[in-house]
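Worksheet: one structure, shown below.
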Amino acid sequence: MPKNILVTYYSQTGQLEEIMRNISRVFTNREEYEVTYYEIKLKEDFAFPWSPDVFYDTFPESYLQVPKELVPPAQEILNKKYDLVLFGYQVWFLTPSIPIISFLKSEFAEKLMANTPVITVSGTRNMWMLSQDKLKVHLKRLNAKLVGNIALVDRHDNYTSVITILNWMQTGKKEQPKPLPPAGIAQKEIDEAGKYGNIIIKYAERGTYEGMQKELVQSGAVEVRPFLIKVETVGNKLFTVFSGIIANSPEKRKFWVGVYKFYLMFAIWVVSPIVLFFYTLLTPFFYRKRQRQIEHYQGI
Ligand SMILES: Cc1cc2nc3c(=O)[nH]c(=O)nc-3n(C[C@H](O)[C@H](O)[C@H](O)COP(=O)(O)O)c2cc1C
């Protein structure tokens, strides 16, 4: 009997889809494995490229994890019992994206993932850490067994990647006007993502994933920048306030979403460089704490 591998993901631009295909390729080449691909689809999907209004207007429901209706997966996907799930997700506003949350909150998630080893794979700009914690709450509720995590990001500095990703999301073009680099995760990294599949398959063959995460990290699967954890922690506090205000004042939604957009730009371009300065200055005093954070997010 072949082992069943489920590869599930949502992807707007195709970036995460390409990553998932590259990671899972090694399994499709072997007859001991049967690979099933399940692309999560919403009944009413978000248009890509995004209009700026819709982009920022998606914030409250993203952050508050409000699900939308899914196109149910085909019956043949639901009928199988899987030996391993490769779970691809992206982050929207410091939270797993609405399509991903919609799946996790649906009846299908438990059916496909309960009592099953799961490897999470994220393809984000660079702020995925607190979303991974949010995702873990869902995996625990679903009784899924998290055995590995791969977090691919845009490795350019935090400011360059803000400019390029906003351009990409709003024009649909990954290539950017010079001197900016292309948006998103480097193509080389996407092309080489198959190396993670080669690690995963070794453990799948053994039937235990003990030690796999360490090997994934050694090959570059998870880079943690402690400063970004700080940004995310502060961001989550303010996003909680903003999402609450917007959700509770539907008649003034447009106004408050505008304020949120202004705040976001102010936080990125004015507050964050100041925080970075002091954060760097305090490095020797918080060295141990930051090492612990790195260990937490490089682990599972
Ligand atoms: C509405 C929206 C919000 C986003 N927010 C974040 C974020 O908070 N952190 C982050 O690292 N990336 C963020 N991204 C980037 C996505 O995580 C992802 O990398 C990008 O959308 C491409 O993924 P895909 O085409 O495979 O879906 C956001 C993208 C969108 C569309």
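Over segment 149-198, consider all pairs of different Cα atoms and compute the Kirkwood hydrodynamic radius from their mean reciprocal separation; express it in Å, one decimal. Computed over segment 149-198, the radius equals 11.7 Å.
Computed about its Cα centre, the charge dipole of the chain is approximately 800 debye, with only Lys, Arg, Asp and Glu carrying charge at their Cβ. Only DSSP H runs of four or more residues enter the estimate; each adds -39500 (n - 2.57), and after division by the residues of the chain the mean residue ellipticity at 222 nm equals -15000 deg cm²/dmol. Comparing ILE274, ILE185, GLY197 along the charge dipole axis of the chain, the residue lying farthest to the positive side is ILE274, per the Cβ-charge model. Considering only alpha-carbon pairs that sit under 8 angstrom and 6 or more positions apart, the relative contact order computed for the chain is 19 percent.
Helix 226-248 axis versus longest C-alpha principal axis of the chain: approximately 80°, rounded to the nearest ten.
Counting heavy atoms of the protein chains alone, ASP191 has an accessible area of about 90 Å² for a 1.4 Å probe. Computed extension gain for ASN4 through THR28, at 0.36 nm per residue and net of the alpha carbon distance, reaches 7.6 nm. Compared with the direct C-alpha span, the chain from PHE266 to GLU44 gains 76.7 nm at full extension, assuming 0.36 nm per residue. The residues of segment 20-172 have, on average, 40 Å² of accessible surface per residue, using a 1.4 Å probe with all protein chains present. Could you give the angle, 0 to 90 degrees to the nearest 10, between helix 272-281's Cα long axis and the longest principal axis of the Cα atoms of the chain? Between helix and principal axis, roughly 80 degrees. Approximating the spin labels as points 7 Å out from Cα along Cα→Cβ, the LEU276-to-ASN248 distance works out to 3.4 nm. Atom-type composition of the exposed protein surface of segment 16-163 places 51 percent of the accessible area on carbon and sulfur (1.4 angstrom probe). Comparing THR124, LEU228, LEU139 along the charge dipole axis of the chain, the residue lying farthest to the positive side is LEU228, per the Cβ-charge model.
Place +1 on the Cβ of every Lys and Arg and -1 on the Cβ of every Asp and Glu in segment 3-224, take the dipole about the Cα centre, and give the residue among GLY211, HIS156, GLN75 whose Cα lies farthest towards its positive end. Going by the Cα projections, it comes out as GLY211.
For the chain, the longest principal axis of the alpha carbon atoms and the long axis of helix 129-141 meet at an angle near 50°. Annotation for segment 126-161 versus segment 247-300: alpha-carbon center distance of 16 Å.
The values are calculated or read from the model by the stated rules, or taken from the named source; none is laboratory data. The structure displayed is predicted, hence computed values, not measured ones. Counting neighbours? That spans all protein chains shown, and the Cβs are built from the backbone with ideal geometry, glycine included. These area figures cover heavy atoms from the full protein model, side chains too; ligands, DNA and RNA do not enter into them. Shrake-Rupley method; radii C 1.70, N 1.55, O 1.52, S 1.80 Å.
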